[in-house]
Amino acid sequence: MIGNLTYDQIEEIVRQLENSTLLVKNYIKDKNIVELEDFLSTVEGYSKFLMTTIELNKDADKELQELKNQK
């Protein structure tokens with residue numbers, strides 16, 4: 001968990017962000033809306049950050065569990 005959300009819930013949010021970003025990108029294609037394109041790039045970066053955070057937390061959870069099992 002991260003905060004009050006499970007990893008699965010966060011992964012679903014990331015999928016929704018990615019799908020929404022693609023949808024908007026396709027909609028504005030060739031419209032030259034620079035501010036929106038910049039915003040979408042930021043959303044994509046945040047989605048990647050969230051996925052990396054999930055991976056790091058899952059790895060940390062595994063290691064902590066191994067330490068608990070060694071006691």
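The values are calculated or read from the model by the stated rules, or taken from the named source; none is laboratory data. Computed from a predicted model, the values in this text were never measured in an experiment. Every residue, glycine among them, receives a Cβ derived from its backbone with ideal geometry; neighbour counts consider all protein chains shown. Keep in mind that these areas ignore ligands, DNA and RNA; they rest on the heavy atoms of the full protein, side chains included. Shrake-Rupley method; radii C 1.70, N 1.55, O 1.52, S 1.80 Å.
With all protein chains in place and a 1.4 Å probe, the accessible surface of the chain carries 56 percent carbon and sulfur.
Accessible surface calculations at 1.4 Å, restricted to protein heavy atoms, place the chain at 82 Å² per residue. Among G3, F49, L36, flag the residue with its Cα farthest along the positive direction of the charge dipole of the range 1-61, charges on Cβ as +1 for Lys/Arg and -1 for Asp/Glu. My answer, from the dipole projection, is L36. For the range 1-45, the set of trypsin sites (Lys or Arg not before Pro) satisfying both a DSSP loop assignment and a count of at most 10 other C-beta atoms within 10 Å is given as K29, K31.
Per residue of the chain, what 222 nm ellipticity follows from adding -39500 (n - 2.57) for every DSSP H run with n ≥ 4, rounded to the nearest 500? Write down the numbers at each step before the final one.
Numbers: 2 runs with 59 residues, N = 71.
Mean residue ellipticity at 222 nm (helix-derived): -30000 deg cm²/dmol.
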